[in-house]
Every structure is written in structure tokens, then in C-alpha cells.
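Here's the structure, in C-alpha cells; my notes come after.
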Amino acid sequence: MKSVSKSRLDEIVANARKEADKRASGYRERALGMYPWICGRCTREFTRANLFELTVHHKDHDHDNNPADGSNWELLCLYCHDNEHQRQEEALRAQYVITEDQKVDVKHNPFAGLADMLKK
């Protein structure tokens, strides 16, 4: 694997951040111009003084899906936005929970005979 110089790596990271900021500011500015400055969940109202606490949430969680009509966006305060993403993570984890009927009997026990070995 070819090593990348630190300055080149810094440049790549800086460009990636700049592009992400540009992409975010584009849809953020459009959403703020389209919708009232109110959190869609808790109905907290925002002014220019605290507008930085109002975020644009992508309903389908795809930050590259930014239709011109804003149909994939909703304005949420920082707290409600964090809560929404936490709920999504918990829902994804719940999909991987093994139910009683999915359990399998395990025949192998890696600790079988361990007590006897420890006595020696």
C-alpha cells in the first residue's frame, strides 16, 4: 500500500469537509427558506439568534437525496434530530434480535471439562 503524505491527507480531508459543507449549506438554505423556523417535533420556534440549533433532517436518512420540492426534509431542533437518529438505530438493532423460535441448540461447549483441567 502506497503511503500518502500528511499534507496530502490533510488536503483530501479539507476538500471532503468543504464539499460536505457546500452540499449541506445548499439544502439547508433552501429548507430554511421553504419552511417556518419551527421544530417539526417539539414545535420550538427559532430566530436568527439560535437558528444554528435548527437542523435539516432527511426523512429517508439519505443526505444526498435532496429533491427541489423539499419533500425529503423536515426541520428539527438538535435534540429532536438526535432523538430521531437514536430511534432509527434502535429500530435497526431490534431487527437483529433473535426470537425464541429462531434459537438453535448448540452442541459444542468450548468450556467442557474446564473444571477438571483447572484441578490439575
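Computed quantities for the displayed model
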read-out: Per residue accessible area of the chain, 1.4 Å probe, in Å²; value: 81
read-out: Length gained when the stretch Leu51-Ala94 is fully extended (0.36 nm per residue, less Cα-Cα span); value: 12.1 nm
read-out: Helix 78-94 axis, angle to the chain major axis (alpha carbon atoms, nearest 10°); value: 30
read-out: Using alpha-carbon coordinates, inclination of helix 6-34 to the longest axis of the chain, degrees; value: 60
read-out: Within the accessible area of the chain (1.4 Å probe), percent carbon and sulfur; value: 55
read-out: Additional length obtainable on full extension of the chain from Tyr79 to Arg44, 0.36 nm per residue less Cα span; value: 11.5 nm
read-out: In Å², nearest 10: area of Arg93 left accessible to a 1.4 Å probe; value: 140
read-out: Calculated Rg and Dmax of the Cα atoms in Å (choose from (1) 24.4, 76; (2) 20.8, 76; (3) 19.3, 63), label; value: (1)
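The values are calculated or read from the model by the stated rules, or taken from the named source; none is laboratory data. Note that the structure is a prediction, hence the values are computed from the model and not measured. Protein only, heavy atoms only, side chains kept; ligands, DNA and RNA dropped before computing areas. Shrake-Rupley method; radii C 1.70, N 1.55, O 1.52, S 1.80 Å.
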